[in-house]
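The values are calculated or read from the model by the stated rules, or taken from the named source; none is laboratory data. All values reported here derive from a predicted model rather than from experimental measurement. For neighbour counting, all protein chains shown are included, and Cβ atoms are generated from backbone atoms with ideal geometry for every residue, glycine included.
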Amino acid sequence: EHPLRAELRITAEGRNFIVDVEKNEDLFAPDYTETHYTKTGTAQTICLNKTDNCFYHGRVRAIRESSVVLSTCRGLRGLIVISNNLSYILEPLPDSQEHHFIYRSEHLKVPHGSCGSKHLESKVTDWLAELTGRTEPRYHRVKRDDQQSVKYVELLLVADYAEFQKNKHDLQATKNKLVEAANYVDKVRPDTCFTGKPVIF
């Protein structure tokens, strides 16, 4: 259902773009699990069905500095970076997976008061800058003797009941949103291996 590779033709502000994407097969570890809780508080844990991977990375054809992060889980949704100062958000229209709208990322509506941050807007700007390569990442590599060994970071994503409500009590939509976030992080930090992600709802 979700192809390994895809070519998308997108029009934005009168310009036509060809987007080449490839499934992010390294996003999930073999032992990846998801846990959600029923109305009675009972935990239910499931393993990933490989065919459910609908998360992609890619580029805009013929634009070297471009970068694309997309999901095809329920329509097309993601970020298309054309250049350092031009990027678009792509989302399906409400109640439709066939029709989409596209708008500049600076018009992205971000809720205030996230995680106690008083400067959320600048953090979003910094995040987009890192994705487009405008700034140097704010971390440093440390030279180690055991560089041949592979290191893994386990990422735990949690959605509370308020997030579940925001997604109209749709469990799959809530799960998709969390994994989309992990897919973005995986694009921003390509040298960090975010695998083995249990996701709790």
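Taking only region 166-196 into account, find how many residues are β-branched (Val, Ile, Thr), at pLDDT 90 or above and not in a helix (DSSP H, G or I). Step through it out loud before you land on a result.
First, pick out the residues of region 166-196 that are β-branched (Val, Ile, Thr): 174, 179, 185, 188, 192, 195.
Add one more test, that the residue is at pLDDT 90 or above, and what stays is 174, 179.
This time we only want the ones that are not in a helix (DSSP H, G or I), so: none.
Adding up the residues that qualify gives 0.
Under 9 Å between Cβ atoms, at least 6 apart or on separate chains: pull out the pairs that start in region 4-24 with a residue that is on the phi > 0 side of the Ramachandran plot and end on any residue that is crowded, with 17+ Cβ neighbours inside 10 Å and part of a strand (DSSP E or B).
Close Cβ pairs (under 9 Å, with a partner that is crowded, with 17+ Cβ neighbours inside 10 Å and part of a strand (DSSP E or B)) amount to GLU13/TYR88.
Name the residue that is modelled with the lowest pLDDT, counting only residues in region 72-113 that are of a type in the set (S, T, N, Q) and assigned to a loop (DSSP other than H, G, I, E, B).
Going residue by residue through region 72-113, those that are of a type in the set (S, T, N, Q) are 72, 83-85, 87, 96-97, 105.
With assigned to a loop (DSSP other than H, G, I, E, B) added as a condition, the list becomes 72, 84-85, 96-97.
Numbers: THR72: 95, ASN84: 88, ASN85: 91, SER96: 79, GLN97: 73.
So, considering only residues that are of a type in the set (S, T, N, Q) and assigned to a loop (DSSP other than H, G, I, E, B), the one modelled with the lowest pLDDT is GLN97.
Quick check on my filter: what residues within region 4-37 are within 20 Å of VAL179 (Cα to Cα) and not in a strand (DSSP E or B)?
We begin by selecting, within region 4-37, every residue within 20 Å of VAL179 (Cα to Cα); these are 4-6, 21-37.
Result: LEU4, ASN24, GLU25, ASP26, LEU27, PHE28, ALA29, PRO30, ASP31, TYR32.
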